[in-house]
Amino acid sequence: MISVAVDAPMAATLDYAWSGETLPHGTWVLAPLGRRKVLGMVIHWDRLDSARGMSVDVSATLPPEKIKALEKRLSVLPAADPKWIDLMAFAARYYRRPFGTIAVGLLPKWLRDTKNYIPKKEGGRSNVDRLVGGLLESVQTPTDQASVEKIGGQRLELGGDGYQDKTLTASEPPLNSDQSRALAAIAHPGVFVLHGVTGSGKTRVYTEAARRCIASDPQAQVLVMVPEIGLTPQLVGRFTQAIPGVEIAVLHSEVTERERARLWLSAASGRARLVIGTRLSIMTPMPYLSLIIVDEEHDHSYKQQEGMRYSARDLAVWRAQQLGITLVLGSATPSAETWAQVQRHKYSYLALTHRATGEPAATIELIDTLHDPAKEGLCEKSRRAIAQVLADGGQILVFLNRRGYAPVLSCASCGWSSRCADCGVATVLHRPDRMEGASARSPLGQWRLQCHHCGIGSSVPRQCPDCGDLDLAPIGRGVQRLEDTLAATFPAARILRIDRDTVRQGKALAAEIEKIQRHEVDIVVGTQMLAKGHDFARMRLVVVADADTQLINPDFRAPERLFSTLIQVAGRAGRHEQSGVAARVLIQTRYPQHRLYRYLLNQDVAGYACAELLDRESANLPPFSHMAAVRAAHRDEGRTRKLLRLLRDELQQFAAQHDWPVTAYGPVARYPEMQAGKWRGQIVLESSARPALHQLLAVAENWMAEHRELDCHVDVDPVEV
Ligand code: ADP
Ligand code: ZN
Ligand code: ZN
């Protein structure tokens, strides 16, 4: 009898009959499931790492007459690495998903499609045969010794195919002492926090660490994770430049399914020495994985928000510790969770203390909008500062993290405001883009109202749907409207807007960024998209038009997120500034007294983190407690609330009976409350003991199975509550 994991929400593995040769742990097979044939992975239960307390569900025990025979062994796929299988088992157990849906279900779709294993004609080759064949024939660089020497010893004379870049790292300036110290430290296994502001030389440390790792061992593989790959073409470029001649797999969202399968195989077979990707790349099998780098570790996009709600950063920690290798968590603003681990001496702290290029950090100033009101979005002081920089031939970044023209359309006479019928949240007024010369005077009829939660758009009503009044007006200000203000105030300035509506793909963004770098624009106005890792030489002024909405957001992580965004935005200013004058950052706010700004003015990231941690500790919030959410959605709000209340009481009782230190809160509505016509609520479980929390989640899951009318899921370590 063979245990096989398949992509199905049932027991961890299914039993199959097999009379052929022994099938080792991790062998890929074709297995019948119902009327289908599916991809499966052979699991030897005794080979799963039980030392780590792995108790993944159980194998299904079927009556003998129900047991089917395995179809065949798929030797074309390299058998899964046992360590990787353990990682999958851990992730499945921790984030409470069926093992097979993770271990098999997260493979590239193309590899799960069983059609691709069937030869087109008798005796011919299947699609996968051909793909794997192609991989083997591709240029033999990854493990050949010459290329390794080339990298390690910088033997520039060794040319050859696929090796065009002759600059190597020789042309780079010498490492500074912070960088050398960091590199020396991370040569030993462990989890390291690399804390440094933008421009402090973190990327240089990543590329150098990866280069050394790959040069020191002819098989070593390196995994580099980034929050959003389309937005970091520069980063990928720097790795390819620093480590020429090795196979690099860049896991884009824009690659085809077949290409994704090829990259996966390349990593799984050990050919790809460097894998760069977003959160899902933590699931990539890499048998010789020796170093993991997580850039911008605080970024919330490392947390998957549907299906298996995993944190790629946290899994990276587990994976690095499992393998006894180095993990580098880099950030200008490490997360509270990460700071706490530093304080507990679980992670080592490495700081890059100043900008690698030596220029001064920007100075940050607050503008109190009570005294200097933001007219049309801009305070007087901001206007004067912009005019000054324009006169001096510098560039300006105006930051507003709000897409569209105005956050809501409203009726002046009855108070009606535009809402999404499905989600219940305000719909955002958008001016049509691409229309050359569109201005505030364009007829409103061509504009759209768009829901930023579900994406559904609708036309703008001519009159108020409630009272018929014709006087509908946009309320508030998005980047499009701010762009109008800037154009009206500085008619001679060249203005470029960058947000998700003007730039959808990484390539397009790279082109816009080049325009900025070639000084073809004077004022850049944009959203979050601009906050991340780009190098703007002449940016002498940053104006943050409005950060207040984020400041008063009830989510306990909202201030931390805002702080991080503002530090990042400030980091965009004044790199390579020749004049010697430090760049300025002006923040327009109604709450200049807010604690966050005290630390921001001094750019005291560590101080802010300490203050945050003290608050979290006294409120018993993560990272001082463990959290999980049980969420439910249903058409009937009253019924959902009632059922969730019952669940909360049941869980509380259960915990009390077993003396488990768990508290259940709620039910509370989620934001947005409505989605696809269903009301969404949750209860939140908080505990000082993880095992108790997990046991209680098992109780919650039984309850969920009995209440199928509700659309339920569990989120372990939720990032938005
Ligand atoms: P970060 O990733 O922290 O933003 P980078 O590695 O991109 O920092 O470095 C910022 C800038 O400083 C880059 O232009 C880089 O080429 C330069 N740089 C990095 N390290 C050094 C160094 N040791 N000496 C001089 N310049 C450096
Ligand atoms: Zn009205
Ligand atoms: Zn909606």
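All of the numbers you see were taken from the coordinates with simple rules; none came from a lab. Just so you know, these numbers come straight off a predicted model, no measurement behind them. FYI the Cβ positions are ideal-geometry reconstructions off the backbone, even for glycines, and counts take in every protein chain you see.
What FRET efficiency do you get for Q234 and K37 if R0 is 51 Å and r is their Cβ-Cβ distance, rounded to the nearest 0.05?
Details: r = 45 Å, r/R0 = 0.87.
After rounding to 0.05, the efficiency reads 0.70.
Could you give me the radius of gyration and the Dmax of segment 471-516, taking only the C-alpha atoms into account and expressing both in angstrom?
13.3, 42
Kindly give Rg over Rh for the chain, based on alpha-carbon atoms, with the Kirkwood expression for the hydrodynamic radius. Kindly include the intermediate steps, with their values, before the conclusion.
Working: Rg = 27.6 Å, Rh = 28.2 Å.
Rounded to two decimals, Rg over Rh is 0.98.
Considering only Cα-Cα distances, which of the following residue pairs are longer than 31 Å: K109/K642; K83/K202; K66/K642? Could you put the intermediate results ahead of the total?
Details: K109/K642 40 Å; K83/K202 29 Å; K66/K642 41 Å.
From K109/K642; K83/K202; K66/K642, over 31 Å: K109/K642; K66/K642.
What is the magnitude of the charge dipole of the chain about its Cα centre, with +1 placed on the Cβ of each Lys and Arg, -1 on the Cβ of each Asp and Glu, and no other charges, expressed in debye to the nearest 20? Intermediate results must be reported in sequence, preceding the final value.
Values: 87 positive and 80 negative charges, 194 e Å.
Using Cβ point charges on Lys, Arg, Asp and Glu, the chain gives about 940 debye.
Taking 0.36 nm per residue of separation and subtracting the Cα-Cα distance, what length does fully extending T22 through S177 add? Don't jump to the answer; show the numbers that get you there.
Numbers: separation 155, 0.36 × 155 = 55.80 nm, distance 5.50 nm.
Computed gain between T22 and S177 is 50.3 nm.
To make sure I understand the rule: partners must be lysines, Cα under 18 Å from the Cα of K72, and not fewer than 8 residues away in the same chain. Which ones qualify?
K72 reaches K37, K115, K120, K121.
Suppose R0 equals 22 Å; then what is the FRET efficiency for H519 and S301 from their Cβ-Cβ distance, rounded to the nearest 0.05?
0.10
What distance in nm lies between label points placed 7 Å from Cα along the C-beta direction at H345 and R595?
Distance between the two pseudo-spin positions: 2.7 nm.
Which distance in nm do the two modelled labels at C610 and H658 give, with both placed 7 Å along the Cα-to-Cβ direction?
Distance between label points: 3.9 nm.
Going 7 Å from the Cα of R690 in the Cα-to-Cβ direction, what parts of segment 621-636 have a backbone nitrogen less than 20 Å from that spot?
So the set is 621-630.
Using a cut-off of under 20 Å, list every residue of segment 301-326 whose amide N is near the label point 7 Å from the Cα of A187 along the Cα-to-beta-carbon line.
324-326
Give me the distance between the Cα centres of segment 527-568 and segment 669-708, rounded to whole Å.
Between the Cα centre of segment 527-568 and that of segment 669-708, the gap is 32 Å.
Which one of M88, V76, V236 is farthest out on the positive end of the charge dipole of the chain, using unit charges on Cβ (Lys, Arg +1; Asp, Glu -1) and the Cα centre as origin?
The listed residue farthest towards the positive side: V76.
For R384 and D422 in the same chain, what is the full-extension length gain: residue separation times 0.36 nm, less their Cα-Cα distance, in nm? Numbers along the way, then the final one.
Working: separation 38, 0.36 × 38 = 13.68 nm, distance 4.36 nm.
Length gained, R384 through D422: 9.3 nm.
Between M1 and D649, what is the FRET efficiency for a Förster distance of 45 Å, r being their Cβ-Cβ separation, to the nearest 0.05? Present the calculation step by step, with values, prior to reporting the outcome.
Values: r = 43 Å, r/R0 = 0.96.
Here the calculated transfer efficiency is 0.55.
Can you list the lysines whose alpha carbon sits under 18 Å from that of K515, skipping same-chain ones fewer than 8 residues off?
K507, K532
Once the piece of chain linking S413 and Y288 is laid out straight, how much longer is it, given 0.36 nm per residue of separation minus the C-alpha distance between them? Display every interim value, and only then the final one.
On the way: separation 125, 0.36 × 125 = 45.00 nm, distance 6.74 nm.
Fully extending the segment from S413 to Y288 adds 38.3 nm.
Taking the alpha-carbon centroid of each part, what is the distance from segment 469-491 to segment 589-617 in angstrom?
The distance from the Cα centre of segment 469-491 to that of segment 589-617 comes to 32 Å.
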